[in-house]
Amino acid sequence: MRVFIRISRLVVLVSLVLCVVTGRAARAATPGAQAFEQGVQAFRAGNYQGALQSFLDARQAGLDTPGLRYDLGATYYRLGRYAEAEREFQALARDPRWAPLAHYNLGLTAQRMAREPQATEHFEQAHRTTTDPNLRALAATALERLARAAPRTSALVSLAGGYDSNVTLSQDAATVGASHQSDSFVETLAAVSRRLTESTAGSWVAHGGLVVRKYRDLDQFDLAGLRAGLSYETDSGRLQTSVGGYFDTVYIGGDRLERIAMVDAQARGRLDAGRELRGRYQLGRIAGGGGFEYLGGWQQRLSADALGSAFVRVGYQLELNNRRDLQQQADFFSASPTRHSLFATVALRELGGWQPEARGEYRVSRYNDPDRQNGLEVTRNDHRYGFALRASRPLSAPWRAFVDTSYYRDESNLDTYDYSRYQLMVGIEAVLGK
């Protein structure tokens, strides 16, 4: 069906409310046309649930037009179903004729979801690509408001409880070993960043963080992690960069596991239709604590990922290690793997007010030198796969509830290193700023 869109009227209203576009059949009634018109009337009457059902009926009847996608996005937005609104507008952004307006509405939606950085990106995209002076003015106003509202200091705090099926000395159980014991825990986290300077060229930003996990019974595995760092960040519109130095210290059961001095360089390039590419390089010098001197040495990580138009992110990471390794008389154990990881994350459909995100990962590890034990030499090779699911739901601002669950299994050619681990964590968190 040909749909005639009244763009000028739409642009005038879109800064205040998301409205529907109207259409009429070119000649005879087309399947879905009647349901579409019923949806328009219901939307105008403020019956957004009725409008949604009519628009979905129109789609099921075979109607598939940019106008219908826009109207679905606007209706989901009015119903507070922002993830579904986001998907409709993202699909609309693939149409060059609709892309500027779609990005503007994606900016509005991202603001509602407390994603200010993404909102900025979409408003910038709308401002760059539109030929309509009204829409360009609206996008410029939205960007100015976001810039004025951006906090100089921002923080994340969370408090959670959970269950761990296989308590380990660190998240990297493949290197330091697992206890093969389960326990419940409580965990608290705080992270803060503050812009120290600000200019059109870039900003210096200070960072700090603390995470504490305490187990109910296995207190010898209680975790504490500290971070302090400084980075220089730039944003030229299409390209964002960050180069920084960080100091991390990890304690297990009150004793230091390792201390890391790290250089971290990141870049993100914005593409059309909401797509983006990211790259990251990390170089760390590690000092192992008492009893863990074998972890000392160097570590490098190089990663790249891409975000597609359907909010699916895929990526690859290369990790190189050159550690001291563990020598015990005639026995030798390598702690220096070369790793290749493939991963993907996807934002799922909102369910009952919860916004879920899923992640899958596959990692191959080959250790640099063969292990020697009882006169036998074997080069260790591991294959690890894992799945994680996280869902969050807004509470009273700025708080939100979250559920985080994950399962990882590592299979090695040396049976002693086989392990699996399941974790479940439920808590609340808040993003603060001033």
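Just the number please: accessible area per residue for the stretch 306-434, 1.4 Å probe, all protein chains included, in Å². Kindly include the intermediate steps, with their values, before the conclusion.
Details: 7170 Å² over 129 residues.
On a per-residue basis, the stretch 306-434 sits at 56 Å².
On the beta carbon distance between residue 256 and residue 407, with R0 = 41 Å, the FRET formula returns roughly 0.90.
Working from label points 7 Å from Cα in the Cα-to-Cβ sense, the residue 219 to residue 140 distance is 6.4 nm. The residue 373 and residue 287 beta-carbon pair, evaluated with R₀ = 41 Å, returns a calculated FRET efficiency of approximately 0.95. For the chain, carbon and sulfur atoms together expose 56% of the accessible surface, with a 1.4 angstrom probe and every protein chain in place. Got a sec? Which residues in the stretch 62-81 would a label at residue 347 touch, if it sits 7 Å along Cα→Cβ and we count backbone N under 15 Å? Hits in the stretch 62-81 for residue 347 at 15 Å: 73-74, 76-77, 80-81.
Here the gap between residue 359 and residue 265, fully extended at 0.36 nm per residue and compared with their Cα-Cα distance, gives a gain of 31.5 nm. Axis of helix 99-112 versus longest Cα principal axis of the chain: the two differ by about 60°, to the nearest ten degrees. Each label was represented as a point 7 Å from its Cα along the Cα-to-Cβ direction; for residue 306 and residue 53 these points are 4.2 nm apart.
How high is the relative contact order of the chain, in percent, with contacts defined as C-alpha pairs under 8 Å that are six or more residues apart?
For the chain, the relative contact order is 9 percent.
Taking the chain as the reference, fit the longest principal axis to its C-alpha atoms, fit the long axis of helix 33-44 to the helix C-alpha atoms, and give the angle between the two in degrees, 0 to 90, nearest 10. With both axes taken from Cα atoms, the answer is about 80 degrees. Helix 116-129 axis versus longest C-alpha principal axis of the chain: approximately 50°, rounded to the nearest ten. A 1.4 Å probe, protein heavy atoms only, puts the accessible area of residue 263 near 80 Å². Within the assembled protein chains, the solvent-accessible surface assigned to residue 233 is about 60 Å², based on a 1.4 Å probe. Taking amide H positions as modeled 1.01 Å from N, with prolines and chain starts lacking one, the residues under 5 Å from residue 380 and 5 or more places away or on another chain are 367, 371.
Legend: calculated FRET efficiency, residue 432 to residue 328, from the Cβ-Cβ distance at R0 = 35 Å, rounded to 0.05, equals 0.15.
Computed log10 I(q)/I(0) for the chain at 0.05, 0.09, 0.13 Å⁻¹: -0.23, -0.70, -1.23, from the Debye equation with unit scatterers placed on every C-alpha and solvent omitted. The 3J(HN,Hα) values that the Karplus relation (6.51, -1.76, 1.60; θ = phi - 60°) gives for the stretch 417-425 are, in residue order, 9, 5, 7, 9, 8, 10, 10, 9, 9 Hz. Gly and Pro appear as x. Couplings for the stretch 45-50, taken from phi via the Karplus curve 6.51 cos²θ - 1.76 cosθ + 1.60 with θ = phi - 60°, read 7, x, 8, 6, 5, x Hz in order; Gly and Pro are left as x. When all alpha carbon pairs of the stretch 258-307 are counted in 10 Å bins from zero, the resulting P(r) reads 24, 33, 23, 15, 5, 0 %.
Stretching residue 275 away from residue 198 to a fully extended chain increases their span by 25.0 nm, per 0.36 nm per residue minus the current alpha-carbon distance.
Where Rh is the Kirkwood radius over the Cα pairs of the stretch 217-361, the temperature 20 °C and the viscosity 1.002 mPa s, what D in µm²/s does Stokes-Einstein return? Each step should come with its number before you reach the end.
Values: Rh = 18.1 Å.
Calculated translational D: 119 µm²/s.
Along each principal axis, taking the top coordinate minus the bottom one, the Cα set of the stretch 308-412 gives 61, 29, 21 Å in descending order. Our coupling estimate for the stretch 216-221, obtained by passing each phi through the Karplus curve with A = 6.51, B = -1.76, C = 1.60 and θ = phi - 60°, is 5, 10, 8, 5, 5, 9 Hz, Gly and Pro reported as x.
The H on the amide N of residue 152, modeled in the peptide plane, is under 5 Å from the matching H of 434, each at least 5 residues off or on a different chain. The label point for residue 233 and the one for residue 340, both projected 7 Å from the Cα toward the Cβ, are 3.4 nm apart.
Length available on full extension from residue 316 to residue 186: 0.36 nm per residue minus the Cα-Cα distance, which gives 43.6 nm.
The values are calculated or read from the model by the stated rules, or taken from the named source; none is laboratory data. Computed from a predicted structure; not experimentally measured. So basically every Cβ, Gly included, is an ideal-geometry build from the backbone, and we count neighbours across all protein chains shown. What goes into the accessible areas is simple: the full protein's heavy atoms, side chains included, and nothing from ligands, DNA or RNA. Shrake-Rupley method; radii C 1.70, N 1.55, O 1.52, S 1.80 Å.
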